[in-house]
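Novice: First the structure, which I've put down as structure tokens, then a few questions once you've had a look.
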Amino acid sequence: RRMPVTVTVTGAAGSIGYASVFRIAAGAMLGHDQPVGLRLLELPQAIPGAVGTAMELDDGAFPLLTSVDVLDDPRKAFDGASFGLLIGARPRTKGMERADLLAANSDIFAAQGSVINDVAADDIRVIVVGNPANTNAAVAAAHAPEVPADRFTALTRLDHNRAIAQLARRTGASVTEISRVTVWGNHSATQYPDIFHARVGDRSGSDIAADRDWLVDDFIPTVARRGTAIIEARGSSSAASAANATIDHVHDWVLGTRPDDWTSVALPSPGVYGIPEGLVCSFPVRSVDGGWQIVEGLDINDFSRARIDASVAELQSEREAVRTP
Ligand code: NDP
């Protein structure tokens, strides 16, 4: 039997946290032969909720779950952790400006980055879900100088999965027949779901993208505004699908992407595709031997370039807003 690995989940009492931990305990994230110890980190006022979640985890009698700890001290929560799922973030409240939201979250993620730097396991891998996810990941990475920057990622897999679902609806193909979709940029309304390199059964994505009215007026806005549509429909934001995407992201990071396919992950740019170095931007990536490799050399047409540039400009302005002088 393998040694258990420690998975730390922040904001564990929240909706996405709640929807994630049971599937992690069941082996969906790291495989059905990998025992897991869970650490649930929460703010002091949310500890009772996390304790309730821990009681339910106990009651699942999950064979792979070796321990559950509920903590409000990040230093204890990340001690020896191999995975950090940073889900908890400060939501925008009434009267709060965008700059206030960025600043409040920057403080949270700077603190968590520096704790991860000090106490996490050498193989720590981080995924930031809490918004603004890309910039929060950049801040955390900047405060963890001893951790390789590419271990800090942000979630755009939900956008990626949404794009696949919309393509399947449009074409009648099953999701398993769709590959090589890319989400570029920020996890925000400026994100750009790119199907020009996709394959849908034996059709090429650029063939499907030839219907520009559908691409511009339907596909791209439907994917980018899906979160808002879900809030309108269910009265609260997406939780199970966000948890599912978080689990997909870590699963593929550890266990590999499908052959002949890639996925979308936001990670610090090494300066490829004209995206400034260090900006946490979503790219097409493959997972090779447990690390992300950006798929390079894709031909970016003018249509795509303009949209990627717009999202990158937004990322730059977020990054400027949180930069400490
Ligand atoms: P959720 O679990 O619904 O969401 C958590 C975060 O994920 C939010 O920032 C949310 O952004 C973000 N998110 C990213 N992608 C998506 C998506 N596709 N759909 C929905 N959300 C997405 O929030 P809750 O309020 O239910 O729970 C948050 C918990 O975090 C609370 O229990 C709180 O106490 C805790 N917290 C913990 C901290 C810590 O551990 N240090 C710090 C701050 C909070 P958005 O707000 O834009 O929807």
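The values are calculated or read from the model by the stated rules, or taken from the named source; none is laboratory data. The structure displayed is predicted, hence computed values, not measured ones. So basically every Cβ, Gly included, is an ideal-geometry build from the backbone, and we count neighbours across all protein chains shown.
Novice: For the stretch 259-307, how many residues are surrounded by 13 or more Cβ atoms within 10 Å (Cβ to Cβ) and either within 16 Å of the chain's Cα centre (by Cα) or within 23 Å of ILE127 (Cα to Cα) (or both)?
Specialist: Matching residues across the stretch 259-307 total 28.
Novice: Another question, if that's okay. Against the condition surrounded by 21 or more Cβ atoms within 10 Å (Cβ to Cβ), out of contact with any helix residue (DSSP H, G or I) (no Cβ under 9 Å at 6 or more places or on another chain), touching a residue at least 60 places away in the same chain (Cβ under 8 Å) and not assigned by TED's automatic domain parsing to the domain that holds PRO276, how does ALA138 come out, does it pass?
Specialist: no
Novice: From the set of residues in the stretch 193-207 that are among the aliphatic types (A, V, I, L, M) and out of contact with any strand residue (DSSP E or B) (no Cβ under 6 Å at 6 or more places or on another chain), which is nearest to ARG162 (Cα to Cα)?
Specialist: ILE195
Novice: Which members of the stretch 123-165 meet the condition of being among the charged types (D, E, K, R) and in contact with an Asp or Glu (Cβ under 7 Å, 6 or more places away or on another chain)?
Specialist: Of everything in the stretch 123-165, just one residue is among the charged types (D, E, K, R) and in contact with an Asp or Glu (Cβ under 7 Å, 6 or more places away or on another chain), namely ARG157.
Novice: Taking the conditions exactly as written (among the charged types (D, E, K, R), touching a residue at least 60 places away in the same chain (Cβ under 8 Å) and surrounded by fewer than 19 Cβ atoms within 10 Å (Cβ to Cβ)), does ASP150 satisfy them or not?
Specialist: When the stated conditions are applied, ASP150 passes them.
Novice: When you look at VAL254, is it more than 12 Å from the ligand (Cβ to nearest atom), over 13 Å from the mean Cα position of the chain (by Cα) and under 27 Å from VAL7 (Cβ atoms), yes or no?
Specialist: Answer is yes for this residue.
Novice: Note down all Cβ pairs under 6 Å where the first residue falls in the stretch 268-288 and is over 20 Å from SER317 (Cβ atoms), the second is in a loop (DSSP other than H, G, I, E, B) and among the hydroxyl-bearing types (Ser, Thr, Tyr), and they're at least six residues apart or on different chains.
Specialist: ARG286/THR257; SER287/THR257
Novice: Exactly one of these conditions fails for SER188: (1) within 13 Å of the chain's Cα centre (by Cα); (2) at pLDDT 95 or above. Give me its number.
Specialist: Of everything listed in (1) within 13 Å of the chain's Cα centre (by Cα); (2) at pLDDT 95 or above, SER188 misses just condition (2).
Novice: Further question: On the basis of being within 27 Å of ALA19 (Cβ to Cβ) and either exposed (fewer than 14 other Cβ atoms within 10 Å of the Cβ) or of a type outside the set (Phe, Trp, Tyr) (or both), does ALA310 make the cut?
Specialist: No.
Novice: Residue under question is SER15, and the condition is that it be in the same structural domain as PHE83 (by TED's automatic domain parsing), out of contact with any strand residue (DSSP E or B) (no Cβ under 9 Å at 6 or more places or on another chain) and either under 21 Å from ARG90 (Cα atoms) or modelled with pLDDT under 95 (or both); does it hold?
Specialist: Against the criterion (in the same structural domain as PHE83 (by TED's automatic domain parsing), out of contact with any strand residue (DSSP E or B) (no Cβ under 9 Å at 6 or more places or on another chain) and either under 21 Å from ARG90 (Cα atoms) or modelled with pLDDT under 95 (or both)), SER15 qualifies.
Novice: A further question on this structure: Among GLY31, GLY80, GLY60, GLY84, which is the only one that is buried (at least 22 other Cβ atoms within 10 Å of the Cβ), out of contact with any Pro (no Cβ under 9 Å at 6 or more places or on another chain) and in contact (Cβ under 8 Å) with a residue 24 or more places away in the chain?
Specialist: That would be GLY84, the only listed residue that is buried (at least 22 other Cβ atoms within 10 Å of the Cβ), out of contact with any Pro (no Cβ under 9 Å at 6 or more places or on another chain) and in contact (Cβ under 8 Å) with a residue 24 or more places away in the chain.
Novice: Which of the numbered conditions does GLY172 fail, given that it passes all the others? Conditions: (1) over 19 Å from the mean Cα position of the chain (by Cα); (2) within 14 Å of the ligand (Cβ to nearest atom).
Specialist: Failing condition for GLY172: (2).
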